[in-house]
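Below: the structure, in structure tokens.
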Amino acid sequence: MSQSGKGLDWADQWDPNYDDAKHNELEKKNSSKTTNKEKMDKAKAAASVGMQKTKVVATVGMEKTKVAATVGAQKLKAGTTASFKWIKEKVQKKPQ
């Protein structure tokens, strides 16, 4: 058999004692057929891995969103507090 595994090499083609039945038998042993069940199992495994990756990405995205919302709320609170203090100072100033 040729080194690429795709057929007979030159010596095998021209060998008068070459046994084609042995060659076919070897090919059957070397070729592996996957059943529908095996294909389905592989597809399920791949989908499961894909779902795990999606969950991880979603969790990371959720954490980023939570942090952004917390920072935004803190900024809003600080701005509101500063605004009330400014208004309070303006209202409580006594005219001189």
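The values are calculated or read from the model by the stated rules, or taken from the named source; none is laboratory data. Keep in mind that this is a model prediction, so the values were computed, not measured. Reconstructed Cβ throughout: ideal geometry from the backbone, glycine too, with neighbour counts over all protein chains shown.
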At pLDDT 90 or above, basic (Lys, Arg) and assigned to a helix (DSSP H, G or I): does that describe LYS37?
no
Determine, yes or no, whether SER2 is out of contact with any helix residue (DSSP H, G or I) (no Cβ under 6 Å at 6 or more places or on another chain) and either surrounded by 10 or more Cβ atoms within 10 Å (Cβ to Cβ) or at pLDDT 80 or above (or both).
yes
Pairs under 8 Å by beta carbon, first residue in a helix (DSSP H, G or I) and loosely packed, with under 10 Cβ neighbours inside 10 Å in the stretch 78-96, partner modelled with pLDDT under 90 and among the basic types (Lys, Arg), six or more apart or different chains?
none
